[in-house]
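Working notes, structure below.
The values are calculated or read from the model by the stated rules, or taken from the named source; none is laboratory data. All figures in this text were calculated on a predicted structure; none of them were measured in a lab. Cβ coordinates were reconstructed from backbone atoms using ideal geometry, including for glycine residues, and neighbour counts include every protein chain displayed. We work out accessible area using only protein heavy atoms, side chains counted, and drop any ligands, DNA or RNA first. Shrake-Rupley method; radii C 1.70, N 1.55, O 1.52, S 1.80 Å.
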Amino acid sequence: MTQLATTTGTHFTQLDAGPIQRWPDYNVTLPGLEIPGKLFIKDILGLTGCEVSINAMPPGGAVPFYHFHQQNEEVYIFIQGQGQLQIDGEILPVKEGSIVRVSPAAERTWRNTANTPLVYIVIQAKQGSLAQYSGRDGVIPEKAPNWA
Ligand code: ZN
């Protein structure tokens, strides 16, 4: 794994995670568990309100366990490939463009059913924590964009 390139400014951190074709090279190591094709980016970016991972599950890949969360809901955003997401025993086909919210308590697992990587992004945030957003949180200052 090459060193991840980040750029940091006063109010931002940018990660260059590389082209999707290289995402299978990422690897997460947890106690007793190797997860190929996964990169958590919360700590890299310094996120404080959610965890995000980018993922490229190889052909034939499957998560070998169910998991659920104590507090966090998850959104799975599928970008490429085809697979199945199983939620409390219900099997959903997923593919490019599928976006699925999963409640914290739901037992979930998923697998790649195609011969290409299953590419997806997972966003994890505390259920019910979003107090304001979009037009209630965003503010448009009195200045025009300047790209010069
Ligand atoms: Zn999870």
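Failed condition for Ile121, given (1) within 13 Å of the ligand (Cβ to nearest atom); (2) under 22 Å from Pro36 (Cβ atoms); (3) open to solvent by 50 Å² or more (accessible area, probe 1.4 Å), with all others met?
Unmet condition: (3).
If you take the residues of segment 31-49 that are surrounded by fewer than 16 Cβ atoms within 10 Å (Cβ to Cβ) and in contact (Cβ under 8 Å) with a residue 12 or more places away in the chain, which of them is farthest from Leu4 (Cα to Cα)?
Gly49
Among the residues of segment 1-40, how many are of a type in the set (A, V, I, L, M, F, W, C), at pLDDT 95 or above, in contact with a strand residue (DSSP E or B) (Cβ under 9 Å, 6 or more places away or on another chain) and not in a loop (DSSP other than H, G, I, E, B)?
Of the residues in segment 1-40, 5 are of a type in the set (A, V, I, L, M, F, W, C), at pLDDT 95 or above, in contact with a strand residue (DSSP E or B) (Cβ under 9 Å, 6 or more places away or on another chain) and not in a loop (DSSP other than H, G, I, E, B).
Cβ-Cβ under 7 Å, sequence separation 6+ or interchain: first residue in segment 116-145 and farther than 22 Å from Ser103 by Cβ, partner of a type in the set (Lys, Arg) and in a helix (DSSP H, G or I). Which pairs?
none
Would you please name the residue that is surrounded by the most Cβ atoms within 10 Å (Cβ to Cβ), looking only at residues in segment 69-102 that are away from the ligand (no atom under 16 Å from the Cβ) and closer than 20 Å to Asp25 by Cβ?
Gly81
Looking at Ala131, Ala105, which one is aliphatic (A, V, I, L, M), over 15 Å from the mean Cα position of the chain (by Cα) and within 12 Å of the ligand (Cβ to nearest atom)?
The conditions single out Ala105.
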